[in-house]
1. Could you tell me which of the residues L70, L51 is more than 10 Å from the ligand (Cβ to nearest atom), in contact (Cβ under 8 Å) with a residue 24 or more places away in the chain and either aromatic (F, W, Y) or outside any loop (DSSP other than H, G, I, E, B) (or both)?
2. Being crowded, with 24+ Cβ neighbours inside 10 Å and either of a type in the set (A, V, I, L, M, F, W, C) or within 13 Å of the ligand (Cβ to nearest atom) (or both) is the filter here, so list the residues in region 186-203 that pass it.
3. Inside region 99-113, can you point out the residues that are closer than 19 Å to I54 by Cα and surrounded by 19 or more Cβ atoms within 10 Å (Cβ to Cβ)?
4. For the subset of region 132-175 comprising residues that are on the phi > 0 side of the Ramachandran plot and not in a strand (DSSP E or B), which member is surrounded by the most Cβ atoms within 10 Å (Cβ to Cβ)?
5. Among the numbered criteria (1) more than 12 Å from the ligand (Cβ to nearest atom); (2) within 22 Å of the chain's Cα centre (by Cα), which single criterion is violated by A32?
6. Can you go through Q23, Q96 and tell me which one is more than 12 Å from the ligand (Cβ to nearest atom), surrounded by fewer than 21 Cβ atoms within 10 Å (Cβ to Cβ) and part of a helix (DSSP H, G or I)?
7. Which residues, taken from region 153-184, are in contact with a Ser or Thr (Cβ under 9 Å, 6 or more places away or on another chain) and of a type in the set (D, E)?
8. May I ask you to list pairs of residues, at least six apart or on different chains, whose Cβ atoms are under 7 Å apart, with the first in region 4-21 being more than 8 Å from I57 (Cβ to Cβ) and at pLDDT 95 or above and the second being charged (D, E, K, R) and in a strand (DSSP E or B)?
Amino acid sequence: MYPARFEYAAPGTIEQALEQLAQYGDEAKVLAGGQSLIPLLKLRFAAPSALVDINRIGGLDTLAEEDGVLRIGALVRHRTCERSELLRGRYPLLSQTAALVSDPIVRNLGTVCGSVAHADPQGDWGSALLAAGAEVVARGPSGERRIHMGDFFRGVFTTALEPTEIVTEVRVPDPGPRSGGAYLKLERKVGDYATAGVGIQLSVEDGSVRRAGIALTGVGPTNLRATEAEQALTGGELDGEAIRGAAELAAKVAQPRSDQRGSADYKRQVVRVFTERALRAAAATARG
Ligand SMILES: Cc1cc2nc3c(=O)[nH]c(=O)nc-3n(C[C@H](O)[C@H](O)[C@H](O)COP(=O)(O)OP(=O)(O)OC[C@H]3O[C@@H](n4cnc5c(N)ncnc54)[C@H](O)[C@@H]3O)c2cc1C
């Protein structure tokens, strides 16, 4: 099917893009990698009056550490993250997540920020960035604001973003020298969305957990943070009992639904097992 008619704008600056978005209000959509939006247009599940293509705006493709923060710009593709030495060395959670998003064709074009803005509960980046304690930077008509990932997702395909706002970057705090992370995803075949996924980010200090981030993919209306499991780990030793306890708590948070990918019970079990495995992997990295 062909998409419904729409106006197309390809501004060269963020200010022009914001003006164009303001002109159309909630009738316009930002176009980044197009890997979620274009299929929706072709199926006519979405029929915006205008697309504001941000691909010609300079300066949105930064992937770099600056003042203790990793900046992932709005035009940073999944592929760039997958191949980044910086992420592989310092942010294994993000590096592993990138490699598990769909297939190389989607990874070549799709963006991290687009994935977060799209808010698909089966999106992998939402969990990775929740676990990492990231924040979203949004620019709108009244300036810039930062939204913690924990406050960003509001429901299925729904976020705290206003229709006139553009995500300019995602900021990930430095996890510190003794840290580790892992992303595990069960997929029916390579390139599929998650049956269930788990993202873990750990920082340790003097043998105990300084910060634990745990988030789940595909088992709720949004990516879910396993807050109780995080709290149970924080301040304690990361031994087998603590890991098993946290995995049980993470499984309790999951709200899976039975579908063609598996039964609700099966998915909950996957969350438990993957949380345990990912915690062990992250702990091994953190302990060096
Ligand atoms: C076959 C296929 C398989 C896939 N499998 C997976 C998978 O396994 N895991 C996974 O996580 N994802 C998967 N995806 C989705 C993919 O990751 C997309 O790249 C991602 O969801 C959206 O990023 P995008 O840059 O393509 O955004 P677009 O498609 O351009 O936009 C998506 C939505 O976000 C909005 N948006 C985009 N950028 C911004 C911005 N900077 N500011 C404000 N709003 C913005 C758009 O207006 C739109 O509503 C798959 C996609 C396809 C086509």
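1. Exactly one of L70, L51 is more than 10 Å from the ligand (Cβ to nearest atom), in contact (Cβ under 8 Å) with a residue 24 or more places away in the chain and either aromatic (F, W, Y) or outside any loop (DSSP other than H, G, I, E, B) (or both), namely L70.
2. A194, A196, G197, V198, G199, I200, L202 - these are the residues of region 186-203 that are crowded, with 24+ Cβ neighbours inside 10 Å and either of a type in the set (A, V, I, L, M, F, W, C) or within 13 Å of the ligand (Cβ to nearest atom) (or both).
3. Selection gives R107, G110, T111, V112, C113.
4. Selected residue: G133.
5. (1)
6. Q23
7. Hit for region 153-184 is E169, nothing else.
8. Y8/D53; A9/D53; A10/D53; L18/R139
The values are calculated or read from the model by the stated rules, or taken from the named source; none is laboratory data. Remember, it's a predicted structure, so these values are computed and weren't measured experimentally. Every residue, glycine among them, receives a Cβ derived from its backbone with ideal geometry; neighbour counts consider all protein chains shown.
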